[in-house]
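Novice: After the structure tokens below, expect a handful of questions from me.
The values are calculated or read from the model by the stated rules, or taken from the named source; none is laboratory data. Treat the numbers as computed from the prediction; the structure is a model and nothing was measured. Cβ sites come from the backbone with ideal geometry, for glycine too, and all protein chains shown count toward neighbours. Remember, those area values only see protein heavy atoms, side chains included, never the ligands or the DNA or RNA. Shrake-Rupley method; radii C 1.70, N 1.55, O 1.52, S 1.80 Å.
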Amino acid sequence: MNATQQKKFLEAFIEIIRKTSTELPKDVIEAVQKGMQAEQAGSNAKYAFEIIEKNIGLAKQKSQPLCQDTGSILFYVHYPRKFDGEALAKVMRKAVVDATKKGYLRQNSVDSLTGKNSGTNIGPGSPSLHLEPWNKDHFDVRLMLKGGGCENMGVQYSLPDNRIGAGRDVAGVKKCILDAVQNAQGKGCGPGILGVAIGGDRGAGYLESKEQLLRKMGDKNPDPVLAGIEEETVREANTLGIGPMGFGGKTTLMGVKVGALNRLPASFFVSVSYMCWAFRRQGAQVSAKGEIKKWLY
Amino acid sequence: MIRLEAPFTEEKIRSLKVGDMVELSGTIFTGRDAVHKWLHEGNEPPVSLKDGVIYHCGPVVIREKGKWVVKAAGPTTSIREEPYQAGIIERFGLRAIIGKGGMAEKTRQACQKCGCAYLHAIGGAAQVLAEAVKEVENVYEYERFGSPEAIWQLRVENFPLVVTIDAHGNSLHKEIEAASAARLTESFARMAAAKR
Ligand code: SF4
């Protein structure tokens, strides 16, 4: 990467961070509106939705973070094989530092032992970069900002689970998903969206559960069994009456996305990542010259 | 919609009930983990909290043209203050706590006993809430705790909230959780039946 390219890519990454932090993607806005319509006029749930909607508009208009917790910075990038992945990672880290200075990201990364805030969002594990080369000429850059409140509501089950009576089958998986919703109540700033992984080891399961959140809200899972789990668990979760912020109401979940990984015969994990209504994920197709060609959500 | 002016009287707080939607105006104080722990350890607050409001919030505040300006002011998770809150309500005569996610038994009991209420803000609505903050009136213990943990005295206007713990022993959090637990059992049964 030469100096001109570096500058172009830096600008592109900062813009992707800005847009992700300050604007909700279209598919999420549609889901919020659908939820709002389902709630009764004058209810606490409707009130919460109205404020959420106002906040979405205001953040975009002011180009300021939607939520002050700008979350874990999770990048998923495919890049043309001829590019140097390390150089790319360097530019991405610089973009994070600059976006923090500009206030698109809060100073949000703390040393786990000393409690000291790096002030730049840079440190071991932050930002989290998933880089993969591919054979195309353009870059596919996706970014998710995942807040702490909802991340704390994530949970991993090891089946069989006697507490909820979940066995090692599809029925057991569904029970895990609904139990996670019951435990979260309003604490993850619902209405939420769940990313779920069946199988894998513990680490791979959580990674996959987050990657499921890169799917579009309205898409349909190509696997009919998984599609069935998604539909049924959303429907059932919305009978629980937890509602936005846990105020009670019809919209407890806006979506569930489930993926399956192979597992060892000895283990059967169900990993659930809870995403709050402030579902900040965006993506862009970026040319080899570092120009944003198209937004992906 | 109920309009509230802080600071409150006990009578005013006792007139609120769970599920009431309120818009709060007046002076409130931010306080999160460090402040709660510090007060709990026996320190006296630098400003009287009598009949006042504590907001669980670590705001983003910057200095613009010699003045403090609040850039984001959403609530933080309240349950972390559960070990301290009841004692602080009782000792200093607080009338309202603002936060998100609700609080537990000890706080619910203190609210009932002392005439205090828990007002739930909308989590994530940082910009709407920042707009409702009209002025930074003062800041205390800035040196000691740093910006997000300091005690910010804010003047707010029409700050949107829902009463989720009232001064009569009711907690919306408790009610919703019990109701949803019952529905979860029904849901499990429904799914098991559909399978057959
Ligand atoms: S859970 Fe989401 S909306 Fe709530 S405070 Fe955290 S990032 Fe913001």
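Novice: Look through the stretch B:11-30, keep the residues that are touching a helix residue (DSSP H, G or I) at 6+ places or on another chain (Cβ under 8 Å) and not in a strand (DSSP E or B), and return whichever of them is surrounded by the fewest Cβ atoms within 10 Å (Cβ to Cβ). First the steps, then the outcome.
Specialist: Filtering the stretch B:11-30 down to residues touching a helix residue (DSSP H, G or I) at 6+ places or on another chain (Cβ under 8 Å) leaves B:18-19, B:21.
Filter again for not in a strand (DSSP E or B), leaving B:18-19.
Numbers: B:VAL18: 20, B:GLY19: 16.
If we take residues in the stretch B:11-30 being touching a helix residue (DSSP H, G or I) at 6+ places or on another chain (Cβ under 8 Å) and not in a strand (DSSP E or B), then B:GLY19 is surrounded by the fewest Cβ atoms within 10 Å (Cβ to Cβ).
Novice: Counting only residues that are crowded, with 21+ Cβ neighbours inside 10 Å and among the small types (Gly, Ala, Ser), which one in the stretch A:50-82 is farthest from the other protein chains (Cβ to nearest Cβ)?
Specialist: The extreme case among them is A:GLY71.
Novice: Which of the residues belonging to the stretch A:83-114 are open to solvent by 100 Å² or more (accessible area, probe 1.4 Å), within 14 Å of chain B (Cβ to nearest Cβ) and of a type in the set (D, E, K, R)?
Specialist: The answer is A:LYS101, A:LYS102.
Novice: Right, here's the next one. Considering only the stretch B:123-132, state which residues are away from the ligand (no atom under 16 Å from the Cβ) and under 18 Å from A:ASP69 (Cα atoms). If you could, list the steps in order and put the result at the bottom.
Specialist: So in the stretch B:123-132, the residues away from the ligand (no atom under 16 Å from the Cβ) come out as B:131-132.
Once the filter is applied, which keeps residues that are away from the ligand (no atom under 16 Å from the Cβ) and under 18 Å from A:ASP69 (Cα atoms), the stretch B:123-132 yields only B:GLU131.
Novice: If you scan the stretch B:51-92, which residues turn out to be part of a loop (DSSP other than H, G, I, E, B) and in contact (Cβ under 8 Å) with a residue 24 or more places away in the chain?
Specialist: First, pick out the residues of the stretch B:51-92 that are part of a loop (DSSP other than H, G, I, E, B): B:51-52, B:56-59, B:65-66, B:73-76.
Scanning the stretch B:51-92 gives B:ASP51, B:GLY52, B:HIS56, B:CYS57, B:GLY58, B:PRO59, B:ALA73, B:GLY74, B:PRO75, B:THR76.
Novice: Now a separate question. Against the condition within 16 Å of the ligand (Cβ to nearest atom) and over 19 Å from B:ALA126 (Cβ atoms), how does A:VAL91 come out, does it pass? First the steps, then the outcome.
Specialist: Working: within 16 Å of the ligand (Cβ to nearest atom): no; over 19 Å from B:ALA126 (Cβ atoms): yes.
Against the criterion (within 16 Å of the ligand (Cβ to nearest atom) and over 19 Å from B:ALA126 (Cβ atoms)), A:VAL91 does not qualify.
Novice: For residues in the stretch B:87-104 being open to solvent by 10 Å² or more (accessible area, probe 1.4 Å) and among the aliphatic types (A, V, I, L, M), which is farthest from B:ALA132 (Cα to Cα)?
Specialist: B:ALA104
Novice: So B:PHE29 fits all but one of (1) touching a Lys or Arg at 6+ places or on another chain (Cβ under 6 Å); (2) farther than 26 Å from A:GLN185 by Cβ; (3) at pLDDT 95 or above; what number is the exception?
Specialist: (1)
Novice: Moving on. Pick from B:VAL162, B:VAL139, B:VAL156: which is out of contact with any helix residue (DSSP H, G or I) (no Cβ under 6 Å at 6 or more places or on another chain) and at pLDDT 95 or above? Steps first, answer last, please.
Specialist: Details: B:VAL162 fails: out of contact with any helix residue (DSSP H, G or I) (no Cβ under 6 Å at 6 or more places or on another chain); B:VAL156 fails: out of contact with any helix residue (DSSP H, G or I) (no Cβ under 6 Å at 6 or more places or on another chain).
Checking each option against the conditions leaves just B:VAL139.
Novice: Still on this structure: Quickly run through the stretch A:52-80 and pick out the residues that are on the phi > 0 side of the Ramachandran plot and either within 14 Å of the ligand (Cβ to nearest atom) or in contact (Cβ under 8 Å) with a residue 60 or more places away in the chain (or both). First the steps, then the outcome.
Specialist: So the first thing to find is which residues in the stretch A:52-80 are on the phi > 0 side of the Ramachandran plot, and the list is A:63, A:71.
Correct list: A:GLY71 only.
Novice: Kindly indicate whether B:PRO45 is within 19 Å of B:ALA150 (Cα to Cα) and within 14 Å of another protein chain (Cβ to nearest Cβ). Can you show your working first?
Specialist: On the way: within 19 Å of B:ALA150 (Cα to Cα): yes; within 14 Å of another protein chain (Cβ to nearest Cβ): no.
So B:PRO45 does not fit the description; no.
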